[in-house]
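A.B. asks: Sharing a structure with you now.
The values are calculated or read from the model by the stated rules, or taken from the named source; none is laboratory data. Everything numeric here is computed off the predicted structure, so don't read it as measured data. Using ideal geometry, Cβ is built from the backbone for each residue, glycine included, and neighbour counts are taken over all protein chains shown.
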Amino acid sequence: MSTPAIKSGLEVVREFLESLQTNAAIAPDVVASVQGLQQQGKLTKARLLQALAEQRKDAC
Amino acid sequence: MVRLRSLDIAGFRGFRFPMRMDLNAQCRSLAVFGENASGKSSITDAVEWTIFDRVAHLWREDCKESALRNVGLQDSDDAIVGIAFNDKDLAISKTLKADLSVKTASKLTVTKPYIEQARSERLILRAADMTAFVNKTKTDKRQEVASIVGYDDVLAFRNTIQSTLNALRRDDAYATAKSIADTRLGRLLVLSGISLTTSEELYQVLNELVTSYGLGFSITDRGGCDTAITQLTARFHHQERAQRKLLLDHARGAAEDVVAATIKAKAAQQAFSSAYQGTLENKEQVQKLTLEDFLTKGKFILDEHKCEPGRCPLCGTPLDQNVLSHELHARLEEYEAVRKEFEAVRSFEVSYINTLNALATACAPLERSWAEVAPELNSDLKVFTATINEHIHTVRAKFERFESVPSAPGFTVVADEFQARLKGYVLKARDEAAALELSEAEEQIVDLITRITDLRSTFEEFHSNSLVKQAYEAQITSLQAIFTDFVAVQNAALQNVLDVVSCNVGKYYGILHPEESVDNVRLRIVGEEGIEFEYSFHGERTYPPMKYLSESHLNSLGIALFLASVKLFNKRSGFFLLDDVITSFDMGHRRRLIRLLADEFGDWQVILLTHESFWFDLIKRELGPCGWLAAEVYSDPENGSQLKASPMDLWELIKTKRKSHLPVANDVRTLIERVLKQLCERLEVKMAFRYNELNEQRMSQELLCALRSTLNSKCAALRDNPVLCRLESSVFVTNVGSHDRPDMIADADIDVALGDVEELQRLFGCPNCSVIVSARQIVPGENKIACRCGKTTLPWKC
C-alpha cells in the first residue's frame, strides 16, 4: 500500500507563501498579512481587507 | 491500516432484526451477494452513516435520519449500527432513536482523529456514483478532484486572494482618492503650467513666483511657505482690506471648486441616466439576470441527471429533459449578451458615484473658507452634503434593484439651488473684493498669496490622495502578482497530483481493457479552470471520455479513478466498499476486475456487494483461495433483510422475535430446513442429482426422507428414531400453512417443533466443540464417525 509522496493543499500554500518573501515585485507587508492570517487559519476576505486597510492607514 | 473486524446492524434501513457480519480476526475481504432490494446497500449505508454521519444519496434527496430507521421498528426500538475494527479502541456504535436523536458510543479521543481522517478518504463507490465524475463538466471535475486530493485549502486560498483583489479594485475610497488626485493634478497644471507631482517641484515653482520680492530665503518646506506668506502680508499698506481680499479670494476659489465639481457630477449623472434609461426600458430582460444563477444550476441538475428522469426538476411535470436543457442553454446565451450590456451601464454608475464622492470632498474646505465671509452658507452646505451622501446611497440601492433613480425633488434640484446660491456668493465676494480699493502692488501681492495658498493646498490634496491611491495600487499590484503566481503554482501542484493519479488510472484501466483501441488514459488540466480525462483512441490523443467511450468503458474509468484515489489518498483506512459496480460489464471484464482486485489490492480489505449470482460464484472461486469470505443477504416481508445465517443465528432470531410476540412459523420452517441441510451435508446423505439452485431448493420432507434412509442403512443406533418420525409429521414439514398463514400456527406447535429440532441436533452435535459429527471424520479402525474434536462419536457403517 505504498503511496507516492504528494504535497497536501496546506503544504502547497505554505511553500508558496515562503517563496514570496524573496519576490521583490510583491510588497513585503502584504505578504506578511497574508502569511500571518494563513498561519492562524484565519485567512478570509474580510480579515485580509481589514489588515490591508490598517497598512494603508500607516502608509498615509 | 484500519480494517473492519465486524459489522452489527439492527433496525437500520432494510435490517429489522439484529445482523452480525463477522470478518474474522484476520479482517478478511468479503463478497456479499443479494438480489435487488435484498439489503446489500443497507450494509454500505450503515458504514457510510457511522463514519460520515450521513448517507450521501439519501441526504441529497433530503431523506435524512428518518429514512435510516427500519419501517418495522416500534417507537421503543432503536436503530443500531456498530463497527468493530482491527484496532479494538476504534470500535464505534451509533444508536438512532425514534425521535431521530443519535447517540454515539466510542472512545472519542481515539475515534475522533481516525473518523476525521477517514472522512477525507475514498471508502465507498456505489454504482450510481461511478460515472458521475466522468460525466461532470471540466470545471466541476476540477472542483471535485481538488476536494478528493485535499486541495480545498488551495482553492480557498486562491478564492480569498481573488475576492480581496476584486474588493480592493472596487473600493470607493480608492476610486475617490484616484478621482481627486487626478483632478488636483489637472488644477496644478493650470496653476503652475507644469505637471507638478513632487514637493521639490512645488517649492521650485513657489520660489520662482516670489523671486522678484527678494524675500532673502528659499522656500524648501511648509514652514518656509508660511514665512513667505507672512513676509508678503507684512508689505500691505492696508492690512485689514488686504486680509479681507485674501479671505474673499480664498472663499471664492473654494466655491468655484464646488461649482466645478457639481457641474462634473451633473454631467456624470447625465451620462449615467441616459445609459441607465436603456436598462430601465429593458428592465424585464435585465431583471432576468437574477435568474442566471438559478438557470445555470437547473441546467447543471439536468446535465448531471440529478433529478427524476422525464420530469421537470422544479415542479415534477412530465417533460422532455433534453428539450428543457437546450432551452436553458439558449436562455443563458441570451443572458450573457444582456449581462455584457449591463456591465457597461454599471461602469457609468461607478463613475457617477465617484464624481459624487469628489463633490462631497470638495465641500469640506467650503465650510472653513466661508465661515467669516458668509456664515449663513453653513446650514445650506450641511443640507447639501447630507443630500449628496443620501443620493449616493439611493443611486446604489435603486441600481441594485433596477429601479428608476428619482431626479426631483432629490439631488439635482438641491444641487441646482446650491450651485445658484454659490454663484451668487461668488459674485458678491468678487464685488466686495473689487470695492476694497487696494493699490496695484497690493493687488499683486494678494494674487501672489492666493496663488501660493492655492498651489499649496491643491498640492497637499493631490499629495494626500496620491498617497492613498498609491497605497491601494501597491496592494492591488502585490495581490495581483500573488494571485498570478499562485495560479501557476496551483496548476503545477494539481497537475503533479493528476500525473500520480493518472499513472494508476491508466494502469487499472489498461488491466480492465487490455488490447483495446483506448489507452494512455490520464487526467490533465484543460483551460484555466477545468480538468478532463485524456486518452488515446486508435492512437490519437483526445477528450472528453464521452466522445468515443461506451457506457461500460465509462464505468471502468470511474472504477479506475476510484481505485487509484484509494491507493493514493487513503492514509489510514485499509478497506473500501464497492457496491454493485459491475452492472454494465460483460463476463470478460468482470473477470478482469477480479484479477485487478486480487493483484493490485491483495493487501487491502475489500467489501464487494453484488446482485449478480454468476459473478458472485466467480468471486468465490477466484478470490476464496486468497482468503475472501462470502455471504448472502436476502429479504422477506416479515423479517426484512437478513444475512443467510447458520441455524445458530436462526435460533437467536426466533428467540428475539418470540420475545416481541412476533410470528416465527416461517423462521421455524427455515430452521428445520437449515438443520436438515447441515446434517445431510455432514453425513453425506445421498440424494437425487439437481442442477444449481434446484439443489438448494429441496424441501424438508425430501431432506428428512433421504436422511432417514441413510441413517437406516448406516447407523443402526438411530434407525427409525422417533424424533425423525415426529418431524416428518410436523405441521412445519407437511403443511404449507406455515408459509401462508403463519398466524394459524399455535405457540404450542412451535414449542414442540423447536424441541424436536433441538433433540435432532443433540443426536449429532458435540457438546464440547459444538460441531456435528461428519461422515468424513472416520474413527480409525472403528465403524464410527466423529465430530471435529473427536469427543463425540456415532456408530457408522463405513
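A.B. asks: Out of B:A118, B:A146, I need the residue that is within 14 Å of chain A (Cβ to nearest Cβ) and surrounded by 15 or more Cβ atoms within 10 Å (Cβ to Cβ). Which one?
C.D. replies: Answer to the selection: B:A146.
A.B. asks: Sticking with this structure for a sec: How many residues does segment B:349-372 hold that are surrounded by fewer than 19 Cβ atoms within 10 Å (Cβ to Cβ) and under 42 Å from the mean Cα position of the chain (by Cα)?
C.D. replies: Counting residues in segment B:349-372 that are surrounded by fewer than 19 Cβ atoms within 10 Å (Cβ to Cβ) and under 42 Å from the mean Cα position of the chain (by Cα) gives 2.
A.B. asks: Here are some residues: B:K107, B:K112. Which one is at pLDDT 85 or above, surrounded by fewer than 18 Cβ atoms within 10 Å (Cβ to Cβ), in contact with an Asp or Glu (Cβ under 6 Å, 6 or more places away or on another chain) and more than 21 Å from B:S41 (Cβ to Cβ)?
C.D. replies: Of B:K107, B:K112, the one residue that is at pLDDT 85 or above, surrounded by fewer than 18 Cβ atoms within 10 Å (Cβ to Cβ), in contact with an Asp or Glu (Cβ under 6 Å, 6 or more places away or on another chain) and more than 21 Å from B:S41 (Cβ to Cβ) is B:K107.
A.B. asks: May I pose another question? So for segment B:17-25 (the condition being more than 14 Å from chain A (Cβ to nearest Cβ), outside any loop (DSSP other than H, G, I, E, B), closer than 26 Å to B:A598 by Cβ and not charged (D, E, K, R)), does at least one residue qualify?
C.D. replies: yes
A.B. asks: Another question, if that's okay. Within segment B:549-578, how many residues turn out to be more than 22 Å from the chain's Cα centre (by Cα) and of a type in the set (K, R)?
C.D. replies: 2
A.B. asks: All but one of (1) under 46 Å from the mean Cα position of the chain (by Cα); (2) surrounded by fewer than 16 Cβ atoms within 10 Å (Cβ to Cβ) hold for B:I392; which doesn't?
C.D. replies: For B:I392, the failing item is (2).
A.B. asks: Among all residue pairs at least 6 apart or on different chains, which show Cβ distances below 9 Å where the first residue, located in segment B:667-694, is over 15 Å from B:L760 (Cα atoms) and the second is of a type in the set (D, E)?
C.D. replies: Going by the 9 Å Cβ cut-off, the qualifying pairs are B:D667/B:E638; B:M687/B:E702; B:A688/B:E702; B:R690/B:E696.
A.B. asks: Could you tell me which of the residues B:Q243, B:Q269 is in contact (Cβ under 8 Å) with a residue 12 or more places away in the chain and either of a type in the set (A, V, I, L, M, F, W, C) or assigned to a helix (DSSP H, G or I) (or both)?
C.D. replies: From the options B:Q243, B:Q269, the qualifying one is B:Q269.
A.B. asks: OK, next. In segment B:26-53, what count of residues is obtained for those that are part of a strand (DSSP E or B), over 20 Å from B:K88 (Cβ atoms) and not β-branched (V, I, T)?
C.D. replies: Of the residues in that region, 3 qualify.
A.B. asks: Return the only residue of B:A775, B:A786 being surrounded by 15 or more Cβ atoms within 10 Å (Cβ to Cβ), within 26 Å of B:W651 (Cα to Cα), at pLDDT 90 or above and in contact with an Asp or Glu (Cβ under 7 Å, 6 or more places away or on another chain).
C.D. replies: B:A775
A.B. asks: With respect to B:L494, determine if the residue is under 39 Å from the mean Cα position of the chain (by Cα) and modelled with pLDDT of 85 or more.
C.D. replies: Spelling it out, it is not the case that B:L494 is under 39 Å from the mean Cα position of the chain (by Cα) and modelled with pLDDT of 85 or more.
A.B. asks: May I pose another question? What number of residues within segment B:546-579 are away from chain A (no Cβ under 14 Å) and in contact with a Leu (Cβ under 6 Å, 6 or more places away or on another chain)?
C.D. replies: The number of residues fulfilling the criteria is 4.
A.B. asks: Among the residues of segment B:446-469 satisfying the criterion of being of a type in the set (S, T, Y) and over 57 Å from the mean Cα position of the chain (by Cα), which is farthest from the other protein chains (Cβ to nearest Cβ)?
C.D. replies: B:T450
A.B. asks: Just give me the residues in segment B:754-798 being under 18 Å from B:L711 (Cβ atoms) and aliphatic (A, V, I, L, M), in sequence order.
C.D. replies: Of everything in segment B:754-798, those that are under 18 Å from B:L711 (Cβ atoms) and aliphatic (A, V, I, L, M) turn out to be B:V757, B:L760, B:L763, B:I772, B:V773, B:A775, B:I778, B:V779, B:I785, B:A786, B:L794.
A.B. asks: In segment B:478-502, which residues are more than 8 Å from chain A (Cβ to nearest Cβ) and not aliphatic (A, V, I, L, M)?
C.D. replies: The answer is B:Q480, B:F483, B:T484, B:N491, B:Q495, B:D499, B:S502.
A.B. asks: Can you work out which of the residues in segment B:511-521 that are surrounded by fewer than 20 Cβ atoms within 10 Å (Cβ to Cβ) and not β-branched (V, I, T) is nearest to the other protein chains (Cβ to nearest Cβ)?
C.D. replies: B:N520
A.B. asks: Sticking with this structure for a sec: If you scan segment B:752-764, which residues turn out to be in contact with a Ser or Thr (Cβ under 9 Å, 6 or more places away or on another chain) and either acidic (D, E) or modelled with pLDDT under 90 (or both)?
C.D. replies: B:V752, B:A753, B:D756
A.B. asks: Failed condition for A:K7, given (1) charged (D, E, K, R); (2) surrounded by fewer than 17 Cβ atoms within 10 Å (Cβ to Cβ); (3) at the interface with chain B (Cβ under 9 Å from one of its Cβ atoms), with all others met?
C.D. replies: (2)
Residue-by-condition table, conditions (1) within 30 Å of B:W604 (Cα to Cα); (2) in a helix (DSSP H, G or I):
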position	(1), (2)
A:I6	yes, no
A:V12	yes, yes
A:A25	no, no
A:V34	no, yes
A:L37	no, yes
A:G41	no, no
A:L48	no, yes
A:L52	no, yes
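A.B. asks: Do any residues in segment B:18-30 that are surrounded by fewer than 21 Cβ atoms within 10 Å (Cβ to Cβ) have Cβ atoms under 8 Å from those of residues that are acidic (D, E), where the two are at least six apart or on different chains, and which pairs are they?
C.D. replies: Here the result reads B:P18/B:D8; B:P18/B:E652; B:R20/B:D8; B:R20/B:D649; B:M21/B:D8, each pair linking segment B:18-30 to a residue that is acidic (D, E).
A.B. asks: Considering only residues that are modelled with pLDDT of 85 or more and in contact with a Gly (Cβ under 6 Å, 6 or more places away or on another chain), which ones fall in segment B:149-174?
C.D. replies: Scanning segment B:149-174 gives a single hit, B:V154.
A.B. asks: If a residue has to be free of Cβ contacts under 8 Å to residues at least 40 places away in the same chain, over 53 Å from the mean Cα position of the chain (by Cα) and assigned to a helix (DSSP H, G or I) to count, how many in segment B:153-211 make the cut?
C.D. replies: Of the residues in that region, 9 qualify.
A.B. asks: On to the next question. Could you check segment A:40-60 and list, in sequence order, the residues that are over 21 Å from B:A481 (Cβ atoms) and facing chain B (nearest Cβ under 7 Å)?
C.D. replies: Across segment A:40-60, the qualifying residue is only A:C60.
A.B. asks: Of the residues B:Y508, B:Y472, which is in contact (Cβ under 8 Å) with a residue 40 or more places away in the chain, more than 9 Å from chain A (Cβ to nearest Cβ) and buried (at least 19 other Cβ atoms within 10 Å of the Cβ)?
C.D. replies: B:Y508
A.B. asks: Considering only residues that are under 28 Å from the mean Cα position of the chain (by Cα) and either buried (at least 21 other Cβ atoms within 10 Å of the Cβ) or not in a strand (DSSP E or B) (or both), which ones fall in segment B:529-548?
C.D. replies: B:E529, B:I531, B:F533, B:Y535, B:Y543, B:P544, B:P545, B:M546, B:K547
A.B. asks: Ok, one more. Name the single residue that is surrounded by the most Cβ atoms within 10 Å (Cβ to Cβ) among those in segment B:157-184 being hydrophobic (A, V, I, L, M, F, W, C) and more than 8 Å from chain A (Cβ to nearest Cβ).
C.D. replies: Here the residue is B:A177.
A.B. asks: What about A:L37, is it touching a helix residue (DSSP H, G or I) at 6+ places or on another chain (Cβ under 7 Å) and facing chain B (nearest Cβ under 7 Å)?
C.D. replies: No.
A.B. asks: Out of everything in segment A:20-34 that is under 11 Å from the mean Cα position of the chain (by Cα) and at pLDDT 90 or above, what residue ends up being nearest to the other protein chains (Cβ to nearest Cβ)?
C.D. replies: Within segment A:20-34, the match that is nearest to the other protein chains (Cβ to nearest Cβ) is A:V30.
A.B. asks: With respect to B:R430, determine if the residue is in a helix (DSSP H, G or I), away from every other protein chain (no Cβ under 14 Å) and either touching a strand residue (DSSP E or B) at 6+ places or on another chain (Cβ under 9 Å) or under 23 Å from B:A234 (Cα atoms) (or both).
C.D. replies: no
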